[in-house]
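The structure under discussion appears below in the form of structure tokens.
The values are calculated or read from the model by the stated rules, or taken from the named source; none is laboratory data. Computed from a predicted structure; not experimentally measured. Using ideal geometry, Cβ is built from the backbone for each residue, glycine included, and neighbour counts are taken over all protein chains shown.
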Amino acid sequence: MASLRCLLRSGKTAVRAVLRREFHGTPPAAVQVTVRDALNQAMDEELERDERVFLLGEEVAQYDGAYKVSRGLWKKYGDKRIIDTPITEMGFAGIAVGAAMAGLRPICEFMTFNFSMQAIDQVINSAAKTYYMSAGRQSVPIVFRGPNGASAGVAAQHSQCFAAWYGHCPGLKVVSPWSAEDARGLLKSAIRDDNPVVFLENELMYGVPFEMSEESQSKDFLIPIGKAKIERQGNHITVVSHSRMVSLCLDAAAVLAKEGIECEVINMRTIRPLDAEAIETSVMKTNHLITVEGGWPQFGVGGEILARIMEGPAFNYLDAPAVRVTGVDIPMPYAKILEDNSVPQIKDIIFSVKKTLNA
Amino acid sequence: MRKMLTIISNVLRGSASRNGARVVVSARTYADFTPQATFDIKKCDLHKLEEGPPLQAVLTREEGLQYYRTMQTIRRMELKADQLYKQKIIRGFCHLYDGQEACAVGIETGINLSDHLITAYRAHGYTLTRGGTVREIMAELTGRRGGIAKGKGGSMHMYTKHFYGGNGIVGAQVPLGAGVALACKYLGNNEICVCLYGDGAANQGQIFETYNMASLWKLPCIFICENNKYGMGTSVERAAASTDYYKRGDFIPGLRLDGMDVLCVREATKFAAEHCRSGKGPILMELQTYRYHGHSMSDPGVSYRTREEIQEVRSKSDPISMLKDRMLSNNMASVEELKEIDVEVRKEIEDAAQFATTDPEPPLDDLCNHIFYNDPPMEVRGTNPWTKLKSVS
């Protein structure tokens, strides 16, 4: 039912796809779906599947979502299941956690993860730690989701990446999808997971279309949390990334390929638990590693990956020190030229790859 | 006739002691006791309410004995915890509830076990009234595997069915409680949530955020402020611009009542529960109560208040004495009978303390368990890269 709706929403392309499927007997066609629509469909299907699932957050209902991710859901499910909250993060995050403790399965949206800082005590102390503190008596099946990291021109208070902050804490699962398929499969898994999941989206990715296979459009399409994906195979260097930076890594890899350098690009998909094994296996093949992230360098995601590589079997396979490509260690400036130079660009990735390979 | 019976009872008791038996024999039969009595209780101060709880409460003999037993159990359990803490058998934080027993017991008698309750860290009394046993509470305090949280939570993190702790972060439990109430309304189960906090927490911003949403969405939530006059070492006058905590909910109706009188608390809770169940939304209760101990075991409790003040409350307003006096002066129980209960309670506490001090600590392979629910077993990094520990749900 939902895939039909998805097809209708995608308009002409979809109709063409259906026609192609019916009359020409070619293999099932993929569909172009934006990350936004993938998230929307995932939530729609999970709301339909389980009555205990509900969504709350600022502007999620009647406004259709600040970034339109929840478009149409309130119209379909009503006030009981799609709840507009006042601008009180600490309060509504706590309410969401309490509802999860009492048997519901809330999706708590933060308009951006910058605002989650107001509620971070509820995420960590009330949600993440409770199953442990209660020795298994009290579980908290909740998803905290929203856009994370840099956007465009929104300046310092609205551009922070929280992957490292949340990734630090036991008791949480932290997911960072890149593609539409990631968004769909991981959000469904997150909603079905019986534990607190922090789901880090990216505003700049919402409007980006991706081809989605027929299989990935099925209602029970789930991507397991904790498993990375190799987006591009290569032999010369392992490039590990998450979220929007995966796009830049693939673009950089395309440029490098022309010079005969084949990058293996790994899309982490999950920050915690980190799929160290996938990275190690790749490094043992390529002997070189760089990590690429939008967040700040100190105590970040890249720092953790490098430490794990040092401590694990892959260290002996490195032919050069592993390095991190990160956002610049400053609050995000506003002016476009400054902002552009505050986050990794394709040229920074290419430069770092070449430096690592020549070192 | 009564005098003769008393004489006989004394003689029998005397002979029983001489034989070494510790049983107190009461020759008076149940038929001698008043089965129930009606008591005047203090009027509640009302905020945005036309009428309040009734001014009289009916107490049956059975109820009275049960309230007495439970309050006495909490009292003795807390005093035993004090002892064990001073012996360094309990460590870390220990916030004792003695003096406030009428709140926990009165509230529980005004709701059902199928309702929900959440409180802050002064939670041992509630863990008991919500279905925990003295044994598992004490063993949790001493950090043993038989503890209610297997020794992994400690004093501030105890849970039972429909009791969500035990919360260490001041004020955080209030939005949680409203969330539980939201689930009750969502699921349509006619259950309510009692959400407790102290006079110190009452100034927290997240509580006002919660008042707003609970009222907007008409959540079946009873907010209860246990005002024991001191937030740690700061008296209410020094912490709050308005100490009328029952009015701080503004648009939420409120009552202020004597939290030392278990009947007052019971009637007010029944009134509040009815308000919530009828779909009128949240309501706020302020219980004026007192804690005999300091804020926690590391606070002697006399640097910010006088010993005279503590003594005065003990002699004039003690909740257990108040109930005892009521029952005795209305012939609802005998001195011996209540003493018998005291002895039984003392024994229960002793047994529990014995268990709590002899039960082994949790096994080391439980260290990394209970990270995730319903997940396959996973590895957890130990203190160094070569130590990989196992974690199961």
For the stretch B:366-383, how many residues meet the condition of being among the polar types (S, T, N, Q) and either within 9 Å of another protein chain (Cβ to nearest Cβ) or buried (at least 16 other Cβ atoms within 10 Å of the Cβ) (or both)?
-> 2
Report those strands (runs of 3 or more DSSP E) wholly inside the stretch A:96-183 carrying at least 2 residues which are more than 14 Å from chain B (Cβ to nearest Cβ).
-> A:143-147
Being within 14 Å of another protein chain (Cβ to nearest Cβ), crowded, with 21+ Cβ neighbours inside 10 Å, touching a Ser or Thr at 6+ places or on another chain (Cβ under 8 Å) and at pLDDT 95 or above, is that true of even one residue in the stretch A:68-86?
-> yes
Candidates B:GLY166, B:GLY200, B:GLY231, B:GLY179, filtered to the one that is surrounded by 24 or more Cβ atoms within 10 Å (Cβ to Cβ) and touching a residue at least 12 places away in the same chain (Cβ under 8 Å) = B:GLY166
Pairs returned, first residue in the stretch B:48-75 that is over 22 Å from B:ALA273 (Cβ atoms), second residue that is assigned to a loop (DSSP other than H, G, I, E, B) and among the polar types (S, T, N, Q), beta-carbon separation under 8 angstrom, 6 or more apart or interchain, are B:ARG61/B:THR34
Residues within the stretch A:245-266 that are surrounded by 24 or more Cβ atoms within 10 Å (Cβ to Cβ) and in contact (Cβ under 8 Å) with a residue 40 or more places away in the chain, tallied = 5
The number of residues in the stretch B:34-92 that are under 23 Å from B:MET297 (Cα atoms) and either among the charged types (D, E, K, R) or in contact with a Phe, Trp or Tyr (Cβ under 7 Å, 6 or more places away or on another chain) (or both) is 9
All but one of (1) in contact (Cβ under 8 Å) with a residue 24 or more places away in the chain; (2) more than 8 Å from chain A (Cβ to nearest Cβ); (3) surrounded by fewer than 24 Cβ atoms within 10 Å (Cβ to Cβ); (4) not basic (Lys, Arg) hold for B:GLY151, so report the exception by its number.
-> (2)
May I ask you to say which residue of B:ILE320, B:ILE283 is closer than 30 Å to B:GLY233 by Cα and in contact with a Pro (Cβ under 8 Å, 6 or more places away or on another chain)?
-> B:ILE283
When residues of the stretch A:303-355 are filtered for being of a type in the set (Gly, Ala, Ser) and loosely packed, with under 14 Cβ neighbours inside 10 Å, how many remain?
-> 2
Give the stretch B:357-375 a look and list any residue that's over 16 Å from B:ILE148 (Cα atoms) and not in a loop (DSSP other than H, G, I, E, B), or say none.
-> B:LEU364, B:ASP365
